[in-house]
Amino acid sequence: MTNPRLYYIPSMPARSITLRAALPAVLIFTAISLSAVPKDKELAPRFNATTTGGEKFTNDSIKGKVVLLEFWTTWCGYCADEAGFVDKIGHDFAGKGLLLLAIDVGESKKTVKKYLEQHPRTCKIVYMEDTNLAAMYAATVYPIYVVIDRDGYVAGTQRGAGGEEALKRLLARGGLELPEDSDSE
């Protein structure tokens, strides 16, 4: 029979052993927690859009701009109500890097052209067949506003009419600097 060897373990206070074991566990837990923190913004889906004027836009071409995508239809009363201030915001803040693309959803070019003759818009209009954006953002209620920040991330979405101040708050989430009292512009 062999004699088991006994090893000398110096006595340590229980608190010291607990701290030595707990410290690495806490550090590992903290590292995992920090890497698992959900990002509040996701990268905008890859898209192509061509305006009625022939301008082409992609994710690459919009970098450095705050982009407001407005999904609308000719039959949407709320869209018609908000079109005036949406166009004004697009015009007023274009110099600060805002790009407004108004995407008509589910209607023919003929229908949209006829509507725009009677209800002109000053922003860049995109027909649904000239983009893949409506499908990507599940545009089924109108208006829908999506803001993409200067780095190409979706900064916020608003489904349904919310008024001018709500739209300005949404744009601020995208990094557009708005004056305290932007009504006076």
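Give me the residue from the range 64-110 that is in a loop (DSSP other than H, G, I, E, B) and among the hydrophobic types (A, V, I, L, M, F, W, C) and, out of that set, surrounded by the fewest Cβ atoms within 10 Å (Cβ to Cβ).
The residue in question is W75.
Identify all residues within the range 99-110 that are in contact (Cβ under 8 Å) with a residue 12 or more places away in the chain and out of contact with any Phe, Trp or Tyr (no Cβ under 9 Å at 6 or more places or on another chain); write none if there are none.
The one that is in contact (Cβ under 8 Å) with a residue 12 or more places away in the chain and out of contact with any Phe, Trp or Tyr (no Cβ under 9 Å at 6 or more places or on another chain): G106.
If only one of L176, L133 is in contact with a Leu (Cβ under 7 Å, 6 or more places away or on another chain), crowded, with 19+ Cβ neighbours inside 10 Å and over 13 Å from E70 (Cα atoms), which one is it?
Answer to the check: L176.
From the set of residues in the range 143-159 that are closer than 13 Å to W72 by Cβ and surrounded by 21 or more Cβ atoms within 10 Å (Cβ to Cβ), which is nearest to the chain's Cα centre (by Cα)?
V146
Any residue that is closer than 27 Å to E177 by Cβ and free of Cβ contacts under 8 Å to residues at least 40 places away in the same chain - is there at least one of those in the range 50-58?
yes
Among the hydrophobic types (A, V, I, L, M, F, W, C), touching a helix residue (DSSP H, G or I) at 6+ places or on another chain (Cβ under 8 Å) and closer than 18 Å to L43 by Cβ, is that true of L98?
no
Determine whether L116 is part of a helix (DSSP H, G or I) and in contact with a Gly (Cβ under 6 Å, 6 or more places away or on another chain).
Considered against the rule, which asks whether it is part of a helix (DSSP H, G or I) and in contact with a Gly (Cβ under 6 Å, 6 or more places away or on another chain), L116 comes out as no.
Quick one: how many residues across the range 127-145 are over 13 Å from A83 (Cα atoms) and modelled with pLDDT of 95 or more?
Residues flagged as over 13 Å from A83 (Cα atoms) and modelled with pLDDT of 95 or more within the range 127-145 amount to 0.
Please find, among V154, V141, the residue that is in a strand (DSSP E or B) and of a type in the set (A, V, I, L, M).
None of the other options fit; the residue is V154.
The values are calculated or read from the model by the stated rules, or taken from the named source; none is laboratory data. Source: prediction; values computed, not measured. Neighbour counts run over all protein chains shown; Cβ positions are idealised from the backbone, glycine included.
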